[in-house]
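Have a look at the structure below before the remarks.
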Amino acid sequence: MTSPSSPRRPGDRLLHVALGLFGVGLLAIIAIFLTPILSDAEPGLPLYLLAMLAPLGFLLALVYALRSGRRAR
C-alpha cells in the first residue's frame, strides 16, 4: 500500500531539525523567565546555552525555505 501523503524529500529532515531546535530554545527561554518567579534561584548557564538554539533553529528554517523555494522553479 502506498501512503496518500507526498513522498519525503531529503531536505525535509532539515525542517524537522530546525523546528526541534527552535522549540527547545523557546522552552529554555520560557524556563529562564519562570525560574526566578517559581524559586529564588537564578537561571543556570545551561538554560542560557539552550536558549541559543532558538535563533539557530530559525536560521536553519530560513535555509530550508530558501533551498526549497529555489528547487520549485
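Bear in mind these aren't lab numbers, they're just calculated from the coordinates by the rules spelled out. Values in this document were obtained by computation on a predicted structure and should not be read as measured data. Cβ sites come from the backbone with ideal geometry, for glycine too, and all protein chains shown count toward neighbours.
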Q) According to a simple spin-label model (label point 7 Å from Cα along Cα-to-Cβ), what is the distance in nm between SER39 and PHE58? A) 2.8 nm
Q: Name the shape class, rounded, prolate or oblate, that the alpha-carbon gyration tensor gives for the range 25-66, where a ≥ b ≥ c are the square roots of its eigenvalues, rounded holds for a/c under 1.5, and otherwise prolate holds if a/b is larger than b/c and oblate otherwise.
A: prolate
